[in-house]
Each structure stands twice: as C-alpha cells, then as structure tokens.
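Reviewing the structure listed below.
The values are calculated or read from the model by the stated rules, or taken from the named source; none is laboratory data. Keep in mind the model is a prediction, meaning the values are calculated, not measured. So basically every Cβ, Gly included, is an ideal-geometry build from the backbone, and we count neighbours across all protein chains shown. Note: areas computed on protein heavy atoms with side chains; ligands, DNA, RNA excluded. Shrake-Rupley method; radii C 1.70, N 1.55, O 1.52, S 1.80 Å.
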Amino acid sequence: MNVNLEDSGAGVHEYGDAEAPDAVVAEINITPLTDVFLVLLIIFMVTTTAVVDAEKAARDGVKVALPKADAAGPVTEKRAVPILTITKTGELYLFSRKLDSVNLEEELRKALADGHSETLLLRGDQQVMLGSAVNVMSIAKRAGAKNIGILTAPGK
C-alpha cells in the first residue's frame with residue numbers, strides 16, 4: 001500500500017511547521033503604536049509652543065516699537081507687575097486689555113492691588129509724545145504706583 005503524504009494532510013502545513021491550521025499566532029506589531037506615540041509627541045510640541053506664545057502675548061500686551069536704550073538693564077521682577085502700553089495712536093492697554101483714559105486711574109489702582117505691587121512698567125511706542133507719557137505717569141502715581149519703570153528695547 002502506497003501512502004501519499006501530500007494528500008493525507010499530514011506533515012508540514014503552509015504555516016511552515018507541524019502545527020494545526022487553526023492555531024493562534026501570538027505576534028505583536030508595534031509599528032502602529034509607535035506611529036501613535038510620534039503623532040502625540042508632535043501634537044504636544046505644537047500645543048506647548050502655542051500656549052507659551054499665547055501666555056507671552058497676554059503678558060506683553062500690544063506690540064509697539066519700543067525706544068532703544070544702551071544703558072537699560074533687564075527686567076528682573078518675578079511677580080505680576082502691571083504693564084501699561086501706550087500705542088503711537090494714544091490707545092492704552094493694561095497687559096492686553098484696552099483701557100479708556102477716563103477709567104485709567106481706577107483700573108491702575110485695581111491692577112496694582114491685584115498684583116500686590118507698587119511698581120508699574122510703562123511700555124510706549126517710540127513715537128509717543130512726552131506729554132502723553134508724563135500724563136500717564138502722573139495718573140499712575142495717583143493710583144498708588146510708587147515706582148514706574150519704562151521698558152525699552154536693547155540698543156544696537
């Protein structure tokens with residue numbers, strides 16, 4: 001009696017070993033997992049950059065062309081010192097919130113009290129007239145600011 005092994009189903013199967021065709025293959029493919037982690041990393045990097053930029057914009061307020069000064073030192077205040085910005089058109093901003101000149105003293109008094117500060121930092125466009133800056137500084141003094149710093153850009 002001649003037995004043909006190919007027809008009987010015995011021996012090596014298409015899986016490359018002698019296991020039965022219904023055996024479970026336990027393999028883990030980590031490529032999709034790696035792809036998900038890389039996408040999450042990119043999303044994290046982009047959002048943290050956006051959050052930092054938004055925080056800086058909220059702190060600095062409106063963008064103005066600051067006058068340049070060579071002898072000025074860096075701002076070393078760590079607490080929330082109010083920053084008042086005067087644009088070249090004369091608009092007033094406390095941080096990034098636009099203020100009306102009628103309510104300026106009241107708003108400055110509130111900001112100084114909220115920040116537990118006696119210092120006001122003044123940012124003004126280089127085209128702001130000296131009279132406007134002096135007027136704002138006198139209002140700030142009446143509001144309780146004992147110290148007023150003028151922010152400048154580094155020279156040269």
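Spin-label pair D100-L38: with each label point 7 Å from Cα along the Cα-Cβ axis, the two points sit 5.6 nm from one another. Taking each residue as 0.36 nm, the span from V51 to K146 lengthens on full extension beyond its C-alpha to C-alpha distance by 30.9 nm. Taking Lys and Arg as +1 and Asp and Glu as -1, the other residues whose beta-carbon sits under 15 Å from that of L108 total +2.
For the stretch 111-120, the Karplus equation 6.51 cos²θ - 1.76 cosθ + 1.60, evaluated at θ = phi - 60°, returns couplings of 5, 5, 5, 5, x, 6, 10, 10, 10, 10 Hz by residue, with Gly and Pro reported as x. Here the stretch 101-156 has 53 percent of its accessible surface on carbon and sulfur atoms, given a 1.4 Å probe and all protein chains in place. Entry comment: accessible area of the stretch 110-156 is 59 Å² per residue, from protein heavy atoms only and a probe of 1.4 Å.
With 0.36 nm allotted per residue and the present C-alpha distance subtracted, the E91-T119 stretch has 8.0 nm of extension available.
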